[in-house]
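So the structure is just underneath, and the comments pick up after that.
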Amino acid sequence: MAKQTRDAEFTEFVAARAPWLRKVAYLLCGDWHRADDLVQESVTKLYVRWSRLSRLENLDGYARTVLVNTFLAEQRSPWGRWAARRRTGAVPEPAAAGPDLDLSVDLRRALAALPPRQRATVVLRHYCDLTVEQTAAALGCSTGNVKSQTSRGLDALRRSLDRQDQQDQQDRTDLPNLRDLRPAVPVEGAAS
């Protein structure tokens, strides 16, 4: 009977937190399919330890830490390095249409270009709203490291978004004037 209760508690936890974990995983890796794999691997690790974990006070924090560590371990593995080289510049599919879809896509593209540790610190600090100390604990590093990685990551995001904005402005100025598209010979019956 205890195993059934434990499994029911675990199922309830995963059902409630899976969408949130998936969003965090997507922000870390930039691909919905890889995000699903990361969540699945993290949930499996949680299930193995569930009898001890169910008594934790901050189970969400532990689950997030497992997810981030799974992502970082994948990045360090030969498979992760190979997959990183194989990635294309394709824009990942959007999670949901927002008010400014172009900005959302640009931000995701810029976030995906960050190195894994910088991406993890930016996601934990600014998406998960963790403090510097909580982020350091989740990543297993010093608070100074979190501060420098966050600063570098945000600076890289700003530069990337500024470049994209300048490119968009350049593209708009390269458009021909509508008056230049008028036929050289007047069209019969057209207003002068």
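Since every read-out is calculated from the coordinates, none of them should be taken as a lab result. Predicted, not measured: the structure shown is a model, and the values here were computed from it. Positions of Cβ are backbone-derived with ideal geometry, glycine not excepted, and every protein chain shown enters the neighbour counts.
Straight-line reach only, C-alpha to C-alpha below 30 angstrom: list the lysines that Lys147 could link to, leaving out same-chain residues fewer than 8 apart.
Here the lysines satisfying the reach criterion relative to Lys147 are Lys23, Lys45.
Which length gain, in nm to one decimal place, applies between Arg49 and Ala8 when the Cα-Cα distance is subtracted from 0.36 nm times their residue separation?
13.3 nm
Set the Förster radius R0 to 41 Å, insert the Cβ-Cβ distance between Tyr62 and Gln169 as r into 1/(1 + (r/R0)^6), and round the FRET efficiency to 0.05.
Taking R0 as 41 Å, the efficiency between Tyr62 and Gln169 is 0.35.
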